[in-house]
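The values are calculated or read from the model by the stated rules, or taken from the named source; none is laboratory data. The structure presented is a predicted model; accordingly, all values stated were derived computationally and were not measured. Here the Cβ is made from the backbone with ideal geometry for all residues, glycine too, and neighbour counts use every protein chain on show.
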Amino acid sequence: MTTALSTPALLSSGTDLRRAVKLAAAGNQAAFKELYQEYARAVYNLVFRCMRNAQVAEDVCQEVWVKAYRELHRLEEPQAFPAWLYRIAARACVDAARRNSRAPVTTELTEAGAPATRDDPEQSALQTERVRLTWEALAAIPARQHLALFLREMERRSYKEISQMLETSESAVETLLFRARQGFARAFERLDAAMQARCEHAHRSMAAIIDGEATPVQQTAVRAHVGSCQACSGELSRMQRAATAYAALIPLPVPAMLGERILESIGASSTGAGTVSAGIAKFVALAGVNAKRGGTRCDHCSGRRRDRVSHR
């Protein structure tokens, strides 16, 4: 499959690419709009497949196009615009992956990855188990590896082109593609082998999701899984309810006598004669004030404490 970024001499609108780039670089917004319309879909798909999150993908795409508009005048060769645009997108994806490593996800996978119309074939395909499984497995691939895989598998780019777009060597591209395919294949096989393995894969991320520490990829992967696994969906709901109940517990006040007991123990162990330093003595005095505010000490409890000190 080859998208618009195959660099045609003419844009789909009939405009010459070189001319459109030159006009846009000079500040012609109509020409830049033509460039956007020509390459927007390809850039969005690259970013979305790397980030696996609709809102993050939109933010990254906006960043990419704004930067392209502002820096287009620096591009010396207009025909190199597609590759140059991809370099900007690749850098933005890697940076966004770092920035959003703990960003919460608010979009379901089916919303993020599918067109708005329900009768669209891609919308139906996204609901299938195999597509859900694929999205879960993609969580095993780091952003840079995914960029190389997308450029090769979806764009059919050569190693040389990919190396230029990712600003690395061709041998590094080979390594990226090998690791991406290996990581994806192993994850896919593991997840496809048994439902139990998929459940365990999701369980490891559930605590991070509840605590707001999960990456966008973890969020999307778990949401994809619980959408097809009723048991894990119930497990996640139970964990979320339990976490909410735990957080609602009211912290208990510190017992008034505890500070005095602890500090007396420190004083006894450090001097052997029950003498405490001026700083500790001050703290003990403060603890005594707090104890009086909390109520009068019981003579029985006080006597037991004195007996313990005397037996030392």
> Is there a residue being loosely packed, with under 15 Cβ neighbours inside 10 Å, free of Cβ contacts under 8 Å to residues at least 40 places away in the same chain and either farther than 30 Å from PHE150 by Cα or aliphatic (A, V, I, L, M) (or both) anywhere in the range 175-191?
Replying inline: yes
> Of the residues in the range 205-243, how many are farther than 30 Å from PRO142 by Cβ and either among the acidic types (Asp, Glu) or modelled with pLDDT under 85 (or both)?
Replying inline: 2
> So which residues in the range 200-215 are surrounded by fewer than 16 Cβ atoms within 10 Å (Cβ to Cβ) and assigned to a helix (DSSP H, G or I)?
Replying inline: GLU200, HIS203, ARG204, ALA207, ALA208, ILE210
> For LEU151, are the conditions met, namely being surrounded by 14 or more Cβ atoms within 10 Å (Cβ to Cβ) and modelled with pLDDT of 85 or more?
Replying inline: yes
> Give me the pairs: first residue in the range 72-83 and touching a residue at least 40 places away in the same chain (Cβ under 8 Å) and part of a helix (DSSP H, G or I), second residue surrounded by 16 or more Cβ atoms within 10 Å (Cβ to Cβ) and not aliphatic (A, V, I, L, M), beta-carbon distance under 7 Å, and six or more apart or on different chains, which are they?
Replying inline: PRO78/LYS22; PRO82/TYR39; ALA83/GLU161; ALA83/GLN164
> In the range 146-166, which residues are under 23 Å from ARG52 (Cβ atoms) and either under 21 Å from the mean Cα position of the chain (by Cα) or in a loop (DSSP other than H, G, I, E, B) (or both)?
Replying inline: HIS146, LEU147, ALA148, LEU149, PHE150, MET154, GLU155, ARG156, ARG157, LEU166
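Here's the yes/no breakdown for (1) in a helix (DSSP H, G or I); (2) farther than 16 Å from VAL131 by Cα:
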site: VAL217; (1), (2): yes, no
site: VAL222; (1), (2): yes, no
site: SER228; (1), (2): no, no
site: CYS232; (1), (2): yes, yes
site: ARG238; (1), (2): yes, yes
site: THR244; (1), (2): yes, yes
site: LEU249; (1), (2): no, yes
> Can you name the number of the only condition in (1) exposed (fewer than 12 other Cβ atoms within 10 Å of the Cβ); (2) at pLDDT below 75; (3) within 29 Å of ALA214 (Cβ to Cβ) that ARG98 fails?
Replying inline: (2)
>> Can you tell me which residue is farthest from ALA80 (Cα to Cα) among those in the range 141-172 that are among the hydrophobic types (A, V, I, L, M, F, W, C) and without any contact (Cβ under 8 Å) to a residue 24 or more places away in the chain?
In response: ALA172
> So, of the residues in the range 55-90 that are among the aromatic types (Phe, Trp, Tyr) and in contact with a Phe, Trp or Tyr (Cβ under 8 Å, 6 or more places away or on another chain), which turns out to be surrounded by the fewest Cβ atoms within 10 Å (Cβ to Cβ)?
Replying inline: TYR69
